[in-house]
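Asker: Dropping the structure in here first, questions after.
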Amino acid sequence: REEILLAVPEGHPLAARKAPEGEDFAVVDISLLRYEPFVLMYRESTVRAIVDDLFRQAGFVPNILFETASNSTIVSMVQSRQCCGIVPYYYVRSHPEGVTCFSLSTHPTWEIVASYRKHAYLSDAAKEFIRLAGEFWGR
């Protein structure tokens, strides 16, 4: 499981609420960003379904600056102070400069899986990849 996080530009007024250095992410209610522009993943992406549900639960339709196929693009746009974004933890795990992240009050997550056909041949490289991925994601 990987948490989906809110990313805001470092100078955003909400950024003052960030957790102290070395602590987990502070928790915020996404409705505080009702009037902010967002860059979001494209509508057909897996994470977008989660994001759309977050906004629906918060009771508002986001102001979407544009949609992209890249979470890295979302982080770059937040860094350039153009918008806010919602991204999986992986994309902000290294604490990118210019970005302040928060957990959302509902702590949305998605599941990362490795799947393959039952009884199918797996190369040693594929087995090692699955092992490393499990290790990386905390399993």
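The values are calculated or read from the model by the stated rules, or taken from the named source; none is laboratory data. Just so you know, these numbers come straight off a predicted model, no measurement behind them. Here Cβ is always computed from backbone atoms with ideal geometry, including for glycine, and neighbour counts include all displayed protein chains.
Asker: Whether any residue in the range 86-96 is in contact with a helix residue (DSSP H, G or I) (Cβ under 8 Å, 6 or more places away or on another chain), assigned to a strand (DSSP E or B) and over 26 Å from Asp24 (Cα atoms) is what I want to check.
Answerer: Within the range 86-96 (the criterion being in contact with a helix residue (DSSP H, G or I) (Cβ under 8 Å, 6 or more places away or on another chain), assigned to a strand (DSSP E or B) and over 26 Å from Asp24 (Cα atoms)), the answer is no, since none of the residues qualifies.
Asker: Something else now. How about the range 111-125: which of its residues are modelled with pLDDT of 90 or more and surrounded by 12 or more Cβ atoms within 10 Å (Cβ to Cβ)?
Answerer: Correct list: Leu122 only.
Asker: Which residues, counting only those in the range 49-85, are of a type in the set (Phe, Trp, Tyr) and either assigned to a loop (DSSP other than H, G, I, E, B) or buried (at least 16 other Cβ atoms within 10 Å of the Cβ) (or both)?
Answerer: Phe55, Phe60 - these are the residues of the range 49-85 that are of a type in the set (Phe, Trp, Tyr) and either assigned to a loop (DSSP other than H, G, I, E, B) or buried (at least 16 other Cβ atoms within 10 Å of the Cβ) (or both).
Asker: Here is a follow-up. Give the residues of the range 31-48 that are surrounded by 13 or more Cβ atoms within 10 Å (Cβ to Cβ), assigned to a helix (DSSP H, G or I) and under 13 Å from the mean Cα position of the chain (by Cα), sorted by residue number.
Answerer: Across the range 31-48, the qualifying residues are Val47, Arg48.
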